[in-house]
Amino acid sequence: MEDSHSSLFNLGILDTLTDDQLHEILDNYNAFCNATQSLLGGAGDLSYGAQFVSNVHTLCKHGLESLVLDHFLKILEETFERNGASRFWRHFDPYTDFVGLNKNDDINIDEDEIESVLYNALEEISIEKQYQEKCLLILVHALQSFKDQMSEERHNFEAERNYLTSKYQWIVSSVLMTTLPRVFPVILHWYFKRRLEELSTMVDVEFTDDVSPNKDGMDLDEKGKVCNKDVEMDVDECYSARRFSENSRLVKNIGKVVLGLRSLGFTSMAEDAYASAIFLLLKAKVYNVAGDDFRSSVLQSIQSWIQAVPLQFLHALLVYLGDSVSYESTSSGLKSPLAPQPSSFCPGIDTPSEGLVRWKLRLEYFAYETLQDLRIAKLFEIIVDYPESSPAIEDLKLCLEYTGQHSKLVESFISALRYRLLTAGASTNDILHQYVSTIKALRTIDPAGVFLEAVGEPIRDYLKGRRDTIKCIVTMLTDGTGGNSSASGNPGDSLLEELNRDEEIQENFGIDDDFNTDDRQAWINATRWQPDPVEADPLKGSRNQRKVDILGMIVGIIGSKDQLVHEYRTMLAEKLLNKSDYDIDSEIRTLELLKIHFGESSLQKCEIMLNDLIGSKRVNTNIKATISQPSQTSVEVDDNAISMDKIAATIISSNFWPPIQDEPLNLPEPVDQLLSDYSKRFSEIKTPRKLQWKKSLGTVKLELQFEDRVVPFTVSPVLASIIMKFQDQTSWSSKNLAAAIGIPVDVLNRRIHFWISKGIIAESPGGDSSDHVYTIMENMAETSRNAGGSGNTQELLGGDEEEDRSVASVENQLRKEMTVYEMFCIADPPYDKSLQQLQSFLSGLVSEEKLELRDGVYFLKK
């Protein structure tokens, strides 16, 4: 390429010319300008070509080649702006109102109209551009022929043409970009979006017709299942017979538009337009396939659609555009995790181009990210439905492995927890169940528990502020309905049994792995090592050594296993004292599981409590077996006999049980006599041990006989004593009834409401404003006037929950234990030591081995 193309015209040349030469230059320059104007503005008339060439030769002879080029390109630019760009943009003036629309908005215009406008505009400007390129080619030939005449050496015609062509293309692009209306990118996006929607619809309809003509609206995932039902073939192969051809009408029309835009310098704009349309269509497909159904995996469906629609379209488009250069896998490290086998890159595409491979990676990443964001937004609902929602969790795991956006999950889920779960309206039991489900679900995504720690922290902090957290945790661990059993568990299993079963399975897998591990496997494991993510706590150890301990995370909420054991002991005592039989198989099983996790020493008292039940059963059997005389087997209550066989005593070692709540109670005389006889027989068998009856504890099975019905109940001894008093007389005042039973009047008034609510007793005002009259209801006609009647169901321990507890709650036990410290407040002189002084004193007792410090708590040294 000669430097004259980029140099300016040297006016010094004019000083060396004669007058004749100057006249010749002026005449030819004027003629050249007129010829250029006539040639470029001639609307297809090339008759001025000969005169134009002659003028060019003359001017070049005098060294004015750069003047010729500059003037011609200047006129060429003005002509294109006037005849090409202005007319081209004028086609889109009617659509300027669409500038403010978003890409997702539908434009309410005729599809055929906008398509026709776009085709006509591109065709018109293409004709104008082709004519100007012909004119430019005339100039190139003129310059080349002059140089050939002046030199024997042959000049490079292709280089001259390429230079001027690129110069002209730059002019075209510059003029169009500087005059670009804002509506044009919107129109391009809309055009490609509608064409791709048409393409997608065509594929769906074609597939449905070929596979199952009678099943309309079948989803891609269902289609894949139908296709694989009778013949073993990959789901992608179902689409191979319907792959797009580069000669298809739709792809051809789109290709023409893309080529036309490319020729105008809109290559990036065109690619952005159809790329945006493809991604919007893919996003809509992901939302449509995934939806709110968490019980099925959708990744395979999305992958099939990507291969069926956008990739086939892009392959056909790239072939039409001539961009399908063969792609060799050895030349790039790019590889999609969705296509582990290079030979099955895409149905019908054996050697994909590098551009197509990059498109596949872009589409798959976008699909993974879109599905990931969709599942993260619904993660709270997914975990509520766990384990039924396991397929959605598995999809999310794959998405996160591909995108690496775990921090987005952590931030979003913590926000959802604080807004939807960690509120005053949510029960502690619901929060704990959600926490357990969260641990199980996120353990699938993050087996090392790195992100689980971050997600669980706000839940743990919130539960530590709830008063009933410890009680709910123990209930969830030990009761058959306490935990949300997984699909592999039994419906009646406690969470503790489920965790123990899972641990056994993990240990079995670990044994097999260790047994089969050799040096080669160790090397493979070493090559697969990955560092912990930046969010990992370095104090927790490496992800390769860390294992998610569900029970440990739950106990961590309490802070100490001793508190959990204490609560369990209290709940176990309550459960055992309210049993109507000696069946403790489930309690023994639970205790054995707890001993595995917390050790035998901390649960020794609980074991003694269960042994008391076993001993009670044996003693109760022996006592009844030794009674043979009728006078000893029963006592009379009016005309009804209470047999000794009806009593079952729970004999406890009080030193090993939590504090028992007992209240004074006068039992009916025959029942009291029955207990006395039982005590005598016990003393004979267990000399010198004696029984001390806790008369307000236990349960009583009653069968109340009325004039028109018989009603069974299971109630506390207090409630049984109240109702049995109505055998003596049908009506009682509250004061007289309370005195007869031996309880305060206010306690009676609270307790008797159980019988009133069942329609057994009616309440009426007494002579005194503080007194009430209670009357037995003998028939259903009277009972129907009282709300809440339930005549044929058993009720257990009706009344106030706290009053009916057999064992003092942990809070009450702690409050009673703390009463000893009241002396510090009421002592004279008063206690005035600082916290530092107290701590120093306690530390001294520890050093003297009188106390020991464990987990921040001081214990008496044993």
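Tell me, which residue of the stretch 756-776 that is without any contact (Cβ under 8 Å) to a residue 40 or more places away in the chain, in contact with a helix residue (DSSP H, G or I) (Cβ under 8 Å, 6 or more places away or on another chain) and under 14 Å from Ser731 (Cα atoms) is surrounded by the most Cβ atoms within 10 Å (Cβ to Cβ)?
Here the answer is Ile761.
Could you figure out which of (1) of a type outside the set (S, T, N, Q); (2) crowded, with 16+ Cβ neighbours inside 10 Å; (3) touching a residue at least 60 places away in the same chain (Cβ under 8 Å) isn't true of Gly355?
Unmet condition: (3).
Looking only at the stretch 465-482, decide whether some residue is without any contact (Cβ under 8 Å) to a residue 24 or more places away in the chain, open to solvent by 60 Å² or more (accessible area, probe 1.4 Å) and outside any helix (DSSP H, G or I).
yes
Name the residues in the stretch 706-740 that are open to solvent by 10 Å² or more (accessible area, probe 1.4 Å) and in a loop (DSSP other than H, G, I, E, B), would you?
Residues satisfying the conditions are Phe706, Glu707, Asp708, Arg709, Asp728, Gln729, Thr730.
Kindly establish whether Glu232 is modelled with pLDDT under 50 and not β-branched (Val, Ile, Thr).
yes
Of the residues Phe207, Phe192, which single one is surrounded by 15 or more Cβ atoms within 10 Å (Cβ to Cβ) and either assigned by the TED database to the domain that holds Ser86 or at pLDDT below 50 (or both)?
Phe207
Take the stretch 404-432 and flag every residue that is open to solvent by 30 Å² or more (accessible area, probe 1.4 Å) and among the aromatic types (Phe, Trp, Tyr).
Across the stretch 404-432, the qualifying residue is only Tyr419.
What residue, among those in the stretch 358-403 that are under 21 Å from Leu314 (Cβ atoms) and among the basic types (Lys, Arg), is surrounded by the most Cβ atoms within 10 Å (Cβ to Cβ)?
Across the stretch 358-403, the extreme among qualifying residues is Lys360.
Please determine whether any residue of the stretch 806-816 is among the charged types (D, E, K, R) and modelled with pLDDT of 60 or more.
For the stretch 806-816, residues among the charged types (D, E, K, R) and modelled with pLDDT of 60 or more: absent.
Mind checking which pairs have a first residue in the stretch 115-128 that is within 15 Å of Glu81 (Cα to Cα) and open to solvent by less than 40 Å² (accessible area, probe 1.4 Å) and a second that is of a type outside the set (Asp, Glu) and not in a helix (DSSP H, G or I), Cβ under 6 Å, 6 or more apart or different chains?
Qualifying pairs under 6 Å: Ala121/His91.
Between a first residue in the stretch 556-569 that is modelled with pLDDT under 85 and a second residue that is not in a helix (DSSP H, G or I), which pairs have beta carbons less than 6 Å apart while being 6 or more apart in sequence or on different chains?
Between residues of the stretch 556-569 that are modelled with pLDDT under 85 and residues that are not in a helix (DSSP H, G or I), the close pairs are Ser560/Asp855.
Kindly indicate whether any position in the stretch 92-108 is at pLDDT 80 or above, more than 30 Å from Tyr274 (Cα to Cα) and part of a helix (DSSP H, G or I).
no
The values are calculated or read from the model by the stated rules, or taken from the named source; none is laboratory data. What you see is a predicted model, and the numbers here were worked out from it, not measured in a lab. Methodologically, a virtual Cβ is constructed for each residue, glycine included, from the backbone with ideal geometry; neighbour enumeration extends over all protein chains shown. We work out accessible area using only protein heavy atoms, side chains counted, and drop any ligands, DNA or RNA first. Shrake-Rupley method; radii C 1.70, N 1.55, O 1.52, S 1.80 Å.
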